[in-house]
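Notes follow the structure.
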Amino acid sequence: MDLIEKLKEFEKNINKIHSEEELQKIFYNDLAPAFLYGGYIKVHEDLRVYIKTVEFYFYSEKLNGIHDPIMYHRNIRDTYGNLLSEVPYFPIMSLNSHDSGYDITFENEKEQYRASVLIRSYEVKTKEGQYLEWDKHSMFVKHTTYKFNTQSLYLRKLLNGFSLGDNNDIKWVDSSTKQTKNLKVKTRQNVFKSDSDFVYVYNKITGEKCTRHWSFTREEEI
């Protein structure tokens, strides 16, 4: 099943998901392998971006839903859940650039939820099969035998400046890479436990981390 079909299946079954534990299982069994092993982002004809680590984010706009208040793209509410302003829903598989890097989104207006994966780490390959790495000191590209990038923000150097016309220079390409369930599962990087379901506020003194294990990494080289 292709990535977009997996995301549409998630969309179709969203009303059957009633807990974070059920979300966790779907992320692990279905969606994370599709993002990590199911294809790549093609940039022009020159580069392929293979995702190595994804962090999932999910926020229901329903007051009694599952809330992940660190989510960037969502309606704005106060700490009591009162709606202050609304933002439009992204089409499925939109790229969303923000202060932490790039998300691939799969939101749904009818079912009133926001969902996305942050590309936390990745590999970039040229059409000749060489790996690319951004030198964080000189900001030049280096050719390497094998190196994955952990700075999601560097993707701005690859995924910006494209036409608003009909030609789509960035797109997801499904490919038949190896599937596995042997994923490294962790909590998300720099995500803290929020004191509110609707506003991301946390205790900066204790710095208690969010316990959701919504980060998934493949160990293998593509």
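The values are calculated or read from the model by the stated rules, or taken from the named source; none is laboratory data. Everything numeric here is computed off the predicted structure, so don't read it as measured data. Glycine gets a Cβ as well: all are built from the backbone with ideal geometry, and neighbour counts include every protein chain shown.
Among the residues of region 96-129, those that are within 23 Å of His67 (Cβ to Cβ), outside any strand (DSSP E or B) and of a type in the set (Asp, Glu) comprise Asp99, Glu107, Glu109, Glu111.
Every listed requirement among (1) touching a helix residue (DSSP H, G or I) at 6+ places or on another chain (Cβ under 8 Å); (2) farther than 24 Å from Lys209 by Cα is met by Glu128 save one, (1).
Yes/no matrix, rows are residues, columns are (1) under 18 Å from Asn13 (Cβ atoms); (2) surrounded by fewer than 21 Cβ atoms within 10 Å (Cβ to Cβ); (3) modelled with pLDDT of 95 or more:
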| site | (1), (2), (3) |
| --- | --- |
| Leu63 | no, yes, yes |
| Leu84 | no, yes, yes |
| Ser97 | no, yes, no |
| Glu107 | yes, no, yes |
| Leu118 | no, no, yes |
| Glu123 | no, yes, no |
| Thr126 | no, yes, no |
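Residues of region 175-200 that are β-branched (Val, Ile, Thr), over 19 Å from the mean Cα position of the chain (by Cα) and modelled with pLDDT of 95 or more: Val199 alone.
Please verify whether region 77-95 includes one or more residues that are part of a strand (DSSP E or B) and under 28 Å from Phe162 (Cα atoms). For region 77-95, residues part of a strand (DSSP E or B) and under 28 Å from Phe162 (Cα atoms): present.
Filtering region 181-222 to residues that are without any contact (Cβ under 8 Å) to a residue 60 or more places away in the chain and among the β-branched types (Val, Ile, Thr) leaves Thr187, Ile205, Thr206, Thr211.
Within region 24-39, not a single residue is of a type outside the set (Ser, Thr, Tyr), surrounded by fewer than 15 Cβ atoms within 10 Å (Cβ to Cβ), free of Cβ contacts under 8 Å to residues at least 60 places away in the same chain and touching a strand residue (DSSP E or B) at 6+ places or on another chain (Cβ under 9 Å). Within the span defined as region 5-20, every residue fails to be acidic (Asp, Glu), within 17 Å of Tyr200 (Cα to Cα) and either in contact (Cβ under 8 Å) with a residue 12 or more places away in the chain or outside any loop (DSSP other than H, G, I, E, B) (or both).
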